[in-house]
Amino acid sequence: QPPQKDYDDLCGLPDLNEKTLLENLRNRFKQEKIYTYVGSILIVINPFKFLPIYNPKYVKMYDNHQLGKLEPHIYAVADVAYHAMLQRRKNQCIVISGESGSGKTQSTNFLIHHLTA
């Protein structure tokens with residue numbers, strides 16, 4: 001069977017239901033694409049290994065870009081919150097949730113890494 005197109009934003013799925021959502025996430029994960037948007041929400045699937053997508057090249061690439069213009073990434077979320085804070089002159093909040101062991105602490109570390117860079 002031909003490879004299925006994967007959607008980096010689940011809102012773009014032609015038929016949005018539990019089956020297509022999970023298939024899309026599975027297909028992306030197999031390609032080591034652990035980040036997927038649902039509008040402005042970022043879904044992360046913990047790969048339980050380090051991926052080479054957290055270096056200065058990626059920090060620079062996601063600097064001052066709109067969500068959805070580049071491949072989904074935790075740096076994009078951090079950057080959007082940072083620039084919204086500067087433009088609106090109001091505090092911003094990023095909610096990270098998940099089960100125990102899902103990678104919340106590591107995601108927080110990546111957010112802080114981008115913000116401090």
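Applying the set (1) loosely packed, with under 13 Cβ neighbours inside 10 Å; (2) closer than 22 Å to F29 by Cβ to R89 leaves exactly one unmet item: (2).
Every residue, every condition in (1) modelled with pLDDT under 95; (2) loosely packed, with under 15 Cβ neighbours inside 10 Å; (3) closer than 19 Å to V38 by Cβ, yes or no:
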residue	(1), (2), (3)
Q66	yes, yes, yes
Y82	no, no, no
V95	no, yes, yes
G103	yes, no, yes
N109	no, yes, no
T116	yes, yes, no
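Test L86 against the stated conditions and say whether it is of a type outside the set (K, R), more than 22 Å from E99 (Cβ to Cβ) and in contact with a helix residue (DSSP H, G or I) (Cβ under 8 Å, 6 or more places away or on another chain). No; evaluated as a whole, the condition is false for this residue.
Every residue, every condition in (1) among the basic types (K, R); (2) modelled with pLDDT under 95, yes or no:
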position: Q4; (1), (2): no, yes
position: L10; (1), (2): no, no
position: L13; (1), (2): no, yes
position: L16; (1), (2): no, yes
position: N24; (1), (2): no, no
position: R28; (1), (2): yes, no
position: Y35; (1), (2): no, no
position: S40; (1), (2): no, yes
position: P47; (1), (2): no, yes
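The set of residues in region 1-51 being part of a helix (DSSP H, G or I) and either open to solvent by 60 Å² or more (accessible area, probe 1.4 Å) or in contact with a Cys (Cβ under 8 Å, 6 or more places away or on another chain) (or both) consists of C11, E18, K19, L22, R26, F29, K30. Looking only at region 73-89, decide whether some residue is in contact (Cβ under 8 Å) with a residue 12 or more places away in the chain and basic (K, R). No, region 73-89 contains no residue that is in contact (Cβ under 8 Å) with a residue 12 or more places away in the chain and basic (K, R).
Residue selection: Y62 satisfies the criterion of being in contact with a Phe, Trp or Tyr (Cβ under 6 Å, 6 or more places away or on another chain) and surrounded by 10 or more Cβ atoms within 10 Å (Cβ to Cβ).
The values are calculated or read from the model by the stated rules, or taken from the named source; none is laboratory data. Worth saying up front: this structure is predicted, and the values here are computed from it rather than measured. Every residue, glycine as well, gets a Cβ built from its backbone with ideal geometry; the counts of neighbours run over all protein chains shown. To get the accessible areas, we keep the full protein, side chains included, count just its heavy atoms, and leave off ligands, DNA and RNA. Shrake-Rupley method; radii C 1.70, N 1.55, O 1.52, S 1.80 Å.
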